[in-house]
Amino acid sequence: MTSREIMKAVLDFAGPERIGLTLPDPYPNDMMDGGWRGATSEPCEPRGNELRRWRDEWGVTWASLTDYDKGEVVEGAIGDWAALDDYRPPDMGRPTDYADAAAAFADDTERFRVGQMPGFVFNIARKLRKLDHYLCDLVLEPAPVARLNALVEGELLKAIDCWAHAGADAIMFPEDWGTQDRLMIAPAMWREIFKPHFQTLAGRGRDHGLYVIMHSCGKTTDIIGDLIECGIHCLQFDQPRLHGIDTLADRFGGKVTFWCPVDIQTTLQTRDAAKIRDEARLLVDRLGADGGGFVGGYYWGNEAIGLTPDVQDVACRAFLEFGRYG
């Protein structure tokens, strides 16, 4: 089977010959990413102890204290709701912005092709307003929040259409919905405000025959069932132990694919080769036991989590050893 065939079989629970893998060289990586070209970020003058500051294509200003992390939003593009009337988001429906990815997809027929999205509605809207303001807005300003969310959704629908035309097999989006012990907002509020957007966006992807992959950090266990209902095929979790590996397997096994490295907050931090190896096997045995359903992952920012590559190399070798079926 090619990498593309393996990934489709994993996501469809169709009995692949092995688990999916997204590992660094010299190990297998079954996926290839495509990115939206869009506008380039505008460098800004750093302030205080900032090492970098920049403004992205959405008009959001970011800053970072290091040269390797992703930074954090320091200024939203919509500082006051009065600015929403004049705000113009980037146009995500221009086919030329997907041309490079389309060409790369056409050149590589072996691997599973993933079109990267900037998020679903929450991941973008919260930055446009800045997270602390946006969370208050959900309670205090529901009408302008609904307008902003609809504006963002419209651009994301364009992007999904473009990824389908570019030859992607899947779309992937990041939305970090959890804290360390619970959802960031009440599950009832999530279902009222955000679940309809998930249904619309994931539904558009499925209408095109695309698989839908979601990355989310934090403990989002309360809405995993909802995400499955919305049409999410695969959940990428870097902290599977936050949910409980047995919980994921017992409640959701066979219903959604999980894509995880060995837990980056707990097990990898032990630097104990035996514990890392045991968890890699547990992930395969529990999450990949339904004729598919598991992708062995790798956390690509070793420096950000205080590790050296040799620690994750133990997990890579274990995923290869234990991840072949039959």
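We did not get these values from a lab; they are worked out from the coordinates using the rules stated. No experiment lies behind these values; they were computed from the predicted model shown. Cβ sites come from the backbone with ideal geometry, for glycine too, and all protein chains shown count toward neighbours.
Give me the dipole magnitude in Debye, nearest 20, for the chain about the Cα centre, with unit charges on the beta carbon: positive for Lys and Arg, negative for Asp and Glu.
Values: 35 positive and 52 negative charges, 90 e Å.
It comes to approximately 440 debye.
Would you pull out the residues with amide H under 5 Å of Thr257's amide H, same chain only if 5 or more places away, H placed 1.01 Å from N?
Here the answer is Cys234, Leu235, since their amide H atoms fall under 5 Å of that of Thr257.
Lysines near Lys8 by alpha-carbon distance under 17 Å, same-chain residues fewer than 8 away left out - which ones?
Lys255
Per Stokes-Einstein, at 37 °C and 0.692 mPa s, what whole-number D in µm² s⁻¹ belongs to segment 20-173, with the Kirkwood radius over Cα pairs as the hydrodynamic radius? Can you show the working numbers first?
Numbers: Rh = 17.2 Å.
Here the translational diffusion coefficient equals 191 µm²/s.
For Arg317 and Thr109 in the same chain, what is the full-extension length gain: residue separation times 0.36 nm, less their Cα-Cα distance, in nm?
Full extension from Arg317 to Thr109 adds 72.3 nm.
Distance between the C-alpha centers of segment 153-173 and segment 43-66? Whole Å please.
28 Å
Give, rounded to the nearest 20 debye, the magnitude of the charge dipole that segment 181-223 has about its Cα centre when Lys and Arg contribute +1 at Cβ and Asp and Glu contribute -1 at Cβ.
That gives a dipole near 40 debye.
Please go through segment 268-326 and write out the chymotrypsin sites (Phe, Trp or Tyr not before Pro) that DSSP classes as loop and that have at most 16 other C-beta atoms within 10 Å.
Passing sites in segment 268-326 are Trp300, Tyr325.
Going by how many other beta carbons lie within 10 Å of each one, how would you line up Glu321, Glu279, Glu45, fewest first?
So the residues, fewest neighbours to most, are Glu45, Glu321, Glu279.
Taking only the C-alpha atoms, wrap a convex hull around the chain and report its volume per residue in Å³ as a whole number. Before the final figure, lay out each step's value.
On the way: hull volume 44.5 nm³, N = 326.
So the per-residue Cα hull volume is 137 Å³.
Rounded to the nearest Å, what's the spacing between the alpha carbon centres of segment 72-131 and segment 251-326? Just the number, please.
Distance between centres, Cα-based: 29 Å.
Mind sorting Thr2, Thr40 by how few other Cβ atoms lie within 10 Å of their own Cβ, fewest first?
If I rank by nearby Cβ atoms, fewest first, I get Thr40, Thr2.
Which ³J(HN,Hα) values in Hz, rounded to whole numbers, follow from the phi angles of segment 291-299 under the Karplus curve 6.51 cos²θ - 1.76 cosθ + 1.60, where θ = phi - 60° and Gly and Pro get x?
My calculation for segment 291-299 gives x, x, x, 9, 10, x, x, 8, 8 Hz in order.
Quick one: divide the alpha-carbon radius of gyration of segment 1-52 by 2.2 N^0.38 Å and tell me what you get.
Relative to the rule-of-thumb radius for its length, segment 1-52 sits at 1.95.
Among Phe105, Pro16, Pro142, flag the residue with its Cα farthest along the positive direction of the charge dipole of the chain, charges on Cβ as +1 for Lys/Arg and -1 for Asp/Glu.
Positive-end residue among those listed: Pro16.
With a point put 7 Å past each Cα toward its Cβ, work out how far Arg251 is from Trp300 in nm, to one decimal.
Here the modelled spin labels are 3.0 nm apart.
Per-residue counts of other Cβ atoms within 10 Å, averaged by peptide: what ranking do you get for 140-151, 13-24, 120-131, highest first? Numbers along the way, then the final one.
Details: 140-151: 15.0, 13-24: 19.4, 120-131: 22.8.
Highest-to-lowest ranking by the protection proxy: 120-131, 13-24, 140-151.
Given the Cα-Cα distance of Leu307 and Arg271 and 0.36 nm per residue of separation, how much length would full extension add, in nm?
Full extension from Leu307 to Arg271 adds 12.1 nm.
Based on Cα coordinates alone, diagonalise the gyration tensor for segment 206-320, multiply each eigenvalue by 5, take square roots, and list the semi-axes in whole Å, largest first.
On the way: eigenvalues 121, 42, 34 Å².
After scaling each eigenvalue by five and taking roots: 25, 14, 13 Å.
What three numbers, in Å, describe the spread of the alpha carbons of segment 12-86 along their principal axes, ordered from the longest?
Extents along the principal axes, in whole Å: 54, 34, 19.
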